[in-house]
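In what follows, a single structure is set out as structure tokens and then discussed.
The values are calculated or read from the model by the stated rules, or taken from the named source; none is laboratory data. Given the structure is predicted, the values throughout are model-derived calculations rather than measurements. Don't worry about glycine lacking a Cβ; one is built from the backbone with ideal geometry, like all the others, and counts go over all protein chains shown.
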Ligand code: ZN
Ligand code: ZN
Ligand code: FE
């Protein structure tokens with residue numbers, strides 16, 4: 001009776017492949033004296049066990065409680081089986097089940113054990129740039145199809161040597177079934193090429209790269225999800241050369257630093273930021289610069305923050321070991337194009353930028369840019385969700401049919417949804433670039449294949465001219481639906497927080513097509529998952545020259561001043577007129593008055609632009625969001641006063657911008673500092689929207705406020721809004737898993753489509 005044998009089948013789904021799950025199950029089965037087998041399937045991991053019931057119970061409990069660090073169990077199903085009489089426990093061949101799908105692990109940064117071995121002179125992988133184990137290494141970027149086995153990855157080009165194979169086969173080894181396992185003898189290698197794409201033979205390529213960097217060279221380095229362009233961060237000559245070659249006069253560069261200690265010299269790091277920097281995802285983290293470092297001004301001019309990451313591959317680690325200071329590590333692409341992944345493309349497209357190439361011969365199958373995060377108010381704000389996070393799904397509250405959310409047009413990501421999962425793509429970029437648009441299409445079909453999702457519904461932004469909308473409209477045999485941009489923003493935030501409506505949604509961004517055909521962007525929407533009521537918005541203002549007004553904030557300054565003061569405004573002694581020619585204003589007034597190429601907008605982004613220009617900060621932007629970012633940078637956070645404001649009653653309430661502009665102009669005339677004006681401006685917005693939320697709460701009895709849209713990357717506004725709302729007993733929801741900007745839009749689109757179905 002005591003030794004009665006039972007048989008069970010256990011099926012585990014979630015991120016359970018490529019994270020050491022089978023070896024973990026194997027060791028556990030051995031520990032509890034169980035017989036049977038474990039294998040990867042197209043669903044996840046399947047386990048057959050035979051043994052005493054108590055032991056099986058303990059075993060299945062431990063599967064959940066002691067699962068490997070990087071795994072994420074979604075479901076565990078346990079079924080009784082007939083006894084087959086296994087004689088041992090083993091890991092058996094993967095099975096592909098047609099019609100099924102499993103999750104894919106994101107790429108995982110190098111683990112402490114591998115780092116340690118990398119520096120051990122007597123280790124057989126001493127300074128081998130592709131060291132990895134079941135706890136770390138490439139995953140998403142090298143996978144061609146599922147299940148995650150070596151022949152389905154770009155490691156198929158390399159055959160393991162005897163020693164590597166023995167590790168791979170040994171259950172007690174850290175590299176047991178580590179698919180990218182390799183060593184110097186059998187695995188990928190690195191090579192240096194010059195500007196003419198000619199190989200430079202080198203015994204010690206890392207040392208050579210170190211020398212070249214020291215001399216001020218700009219080097220294209222092949223990484224995990226694509227190429228980086230690297231150069232010494234403190235070398236002002238190389239930085240200005242890089243800016244010239246990349247046609248990127250002012251946009252901040254990300255840097256890579258050796259360790260936390262070296263970062264803390266030039267940037268402040270709080271415990272949340274440290275956690276994020278050393279996390280397995282290793283994103284670029286925007287940290288507050290310390291003062292007194294002139295080189296930081298070259299890297300991120302007029303910016304409070306500097307984007308920093310730690311080495312995340314063994315190759316980065318080896319390079320950084322040799323460095324005394326940080327390296328710029330910016331995406332290896334031509335302006336507006338997607339990141340370069342193939343060696344041939346690097347030689348072709350990066351030859352105008354790089355002096356040398358450090359390449360390797362492991363193919364990158366999926367492009368994947370570095371992720372970018374910022375800690376605001378002790379919480380992660382994801383600015384770009386890509387390498388390290390993709391393709392981990394966002395869990396949904398409700399079951400959804402198969403849906404494709406096509407995303408926006410700029411900073412595009414798409415979303416594939418099924419059951420309770422939303423799989424967000426890596427950062428795709430600006431679809432108006434042809435190559436990027438091709439990358440978009442390829443990536444959609446790759447995700448569909450590996451995740452086995454066949455959309456019944458394709459959902460796109462209401463903007464008819466977005467290339468993502470056109471892509472959606474070209475799909476056949478599916479239901480196609482369009483959703484409003486800001487509604488999608490609010491619902492994306494609701495979805496990641498697992499809440500239903502109704503909520504008061506504050507959607508602040510630069511541009512989004514409105515239901516009335518105008519450009520929205522400073523919106524208060526009472527939303528649930530399938531519809532919304534526009535409760536309030538910034539008053540409409542013409543954007544003279546349409547898109548030109550986005551690049552040239554002085555156009556918005558003219559538009560706001562004209563609206564507030566009429567034709568007399570050019571006589572005001574304002575800094576905006578010191579820097580722009582007065583004769584530029586007259587033609588703008590003409591096109592505004594005649595309504596030529598000057599569409600109406602309620603955009604919050606444009607209000608920031610206009611204010612930035614009026615106070616003399618920025619009239620011409622060289623990258624998206626620059627004027628607004630600089631306005632945030634100068635703001636004095638200790639200012640508590642604010643400008644007068646007014647808005648109309650009724651639905652929608654219309655918020656007049658005139659009192660704000662008038663107040664700002666008075667302050668300029670009274671020689672107030674721009675830091676104070678900017679602080680007051682931020683406070684004013686908080687007060688306006690707090691008031692409006694109070695009004696809506698009274699009328700509609702809803703206490704929950706959701707904040708979304710790109711403008712909430714602004715720390716001062718986000719912090720201010722959350723604090724003010726919470727003080728007034730609102731329950732506030734913000735983003736922490738997906739971007740608050742258009743990179744998160746696709747999730748909202750898909751959830752809205754699911755709710756309509
Ligand atoms: Zn490792
Ligand atoms: Zn080997
Ligand atoms: Fe948006």
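Descriptive notes on the structure:
- The set of residues in the stretch 302-318 being farther than 22 Å from residue 114 by Cα and assigned to a loop (DSSP other than H, G, I, E, B) consists of 302, 303, 304.
- Within the stretch 623-633, one or more residues are more than 27 Å from residue 532 (Cβ to Cβ) and modelled with pLDDT under 95.
- Any hit, the stretch 710-725, residues being more than 23 Å from residue 637 (Cβ to Cβ) and either away from ligand 1 (no atom under 16 Å from the Cβ) or in contact with a strand residue (DSSP E or B) (Cβ under 9 Å, 6 or more places away or on another chain) (or both): no
- Residue among 83, 131, 108 that alone is in contact (Cβ under 8 Å) with a residue 60 or more places away in the chain, away from ligand 2 (no atom under 16 Å from the Cβ) and within 30 Å of residue 314 (Cα to Cα): 108
- Identity of the residue in the stretch 164-176, surrounded by 13 or more Cβ atoms within 10 Å (Cβ to Cβ) and free of Cβ contacts under 8 Å to residues at least 40 places away in the same chain, that ends up nearest to ligand 2 (Cβ to nearest atom): 164
- The number of residues in the stretch 501-520 that are closer than 23 Å to residue 548 by Cα, in contact with a strand residue (DSSP E or B) (Cβ under 6 Å, 6 or more places away or on another chain) and more than 10 Å from ligand 3 (Cβ to nearest atom) comes to 3.
- Residue check for residue 191: more than 16 Å from ligand 3 (Cβ to nearest atom) and either closer than 30 Å to residue 425 by Cβ or in a loop (DSSP other than H, G, I, E, B) (or both): no
Each row is one residue, and each column tells you yes or no for (1) modelled with pLDDT under 95; (2) under 20 Å from residue 10 (Cα atoms); (3) touching a helix residue (DSSP H, G or I) at 6+ places or on another chain (Cβ under 7 Å); (4) away from ligand 3 (no atom under 16 Å from the Cβ).
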| position | (1), (2), (3), (4) |
| --- | --- |
| 42 | yes, yes, no, yes |
| 45 | yes, yes, yes, yes |
| 75 | yes, yes, no, yes |
| 94 | yes, yes, no, yes |
| 107 | no, no, yes, yes |
| 113 | no, no, no, yes |
| 116 | no, no, no, yes |
| 125 | no, no, yes, yes |
| 141 | no, no, no, yes |
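- Any hit, the stretch 110-125, residues being crowded, with 24+ Cβ neighbours inside 10 Å and in a loop (DSSP other than H, G, I, E, B): yes
- All conditions in (1) part of a loop (DSSP other than H, G, I, E, B); (2) touching a strand residue (DSSP E or B) at 6+ places or on another chain (Cβ under 8 Å); (3) more than 21 Å from residue 365 (Cα to Cα); (4) more than 16 Å from ligand 1 (Cβ to nearest atom) hold for residue 76, with the sole exception of (1).
- Looking across the stretch 126-143 at every residue that is in a strand (DSSP E or B) and in contact with a strand residue (DSSP E or B) (Cβ under 9 Å, 6 or more places away or on another chain), the one that is farthest from ligand 1 (Cβ to nearest atom) is identified as 143.
- Any helices (runs of 4 or more DSSP H) falling wholly within the stretch 225-297 and containing at least 3 residues that are more than 21 Å from residue 215 (Cα to Cα): 260-266, 271-278
Conditions (1) in a loop (DSSP other than H, G, I, E, B); (2) out of contact with any strand residue (DSSP E or B) (no Cβ under 8 Å at 6 or more places or on another chain); (3) closer than 21 Å to residue 445 by Cβ, marked per residue:
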| residue | (1), (2), (3) |
| --- | --- |
| 362 | yes, yes, no |
| 366 | yes, no, yes |
| 369 | yes, no, yes |
| 381 | no, no, no |
| 387 | yes, yes, yes |
| 396 | no, no, no |
| 399 | no, no, no |
| 402 | no, no, yes |
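- Residue in the stretch 283-307 that is farthest from the chain's Cα centre (by Cα), counting only those that are over 19 Å from residue 379 (Cβ atoms) and buried (at least 23 other Cβ atoms within 10 Å of the Cβ): 299
- Check on residue 153, surrounded by fewer than 16 Cβ atoms within 10 Å (Cβ to Cβ), in contact (Cβ under 8 Å) with a residue 24 or more places away in the chain and more than 16 Å from ligand 1 (Cβ to nearest atom): no
- Against the conditions (1) free of Cβ contacts under 8 Å to residues at least 24 places away in the same chain; (2) over 24 Å from residue 563 (Cβ atoms), residue 637 satisfies every one except (1).
- Just one of the listed residues (612, 678, 640) is surrounded by fewer than 18 Cβ atoms within 10 Å (Cβ to Cβ), touching a helix residue (DSSP H, G or I) at 6+ places or on another chain (Cβ under 8 Å) and at pLDDT 95 or above, and it is 640.
For every residue, the table says whether it meets (1) touching a residue at least 40 places away in the same chain (Cβ under 8 Å); (2) under 30 Å from residue 280 (Cα atoms); (3) touching a strand residue (DSSP E or B) at 6+ places or on another chain (Cβ under 9 Å); (4) away from ligand 1 (no atom under 16 Å from the Cβ).
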site: 178; (1), (2), (3), (4): yes, yes, yes, no
site: 182; (1), (2), (3), (4): yes, yes, no, no
site: 185; (1), (2), (3), (4): no, yes, no, yes
site: 192; (1), (2), (3), (4): yes, yes, yes, yes
site: 197; (1), (2), (3), (4): yes, no, yes, yes
site: 210; (1), (2), (3), (4): yes, yes, no, yes
site: 215; (1), (2), (3), (4): no, no, no, yes
site: 232; (1), (2), (3), (4): yes, yes, yes, yes
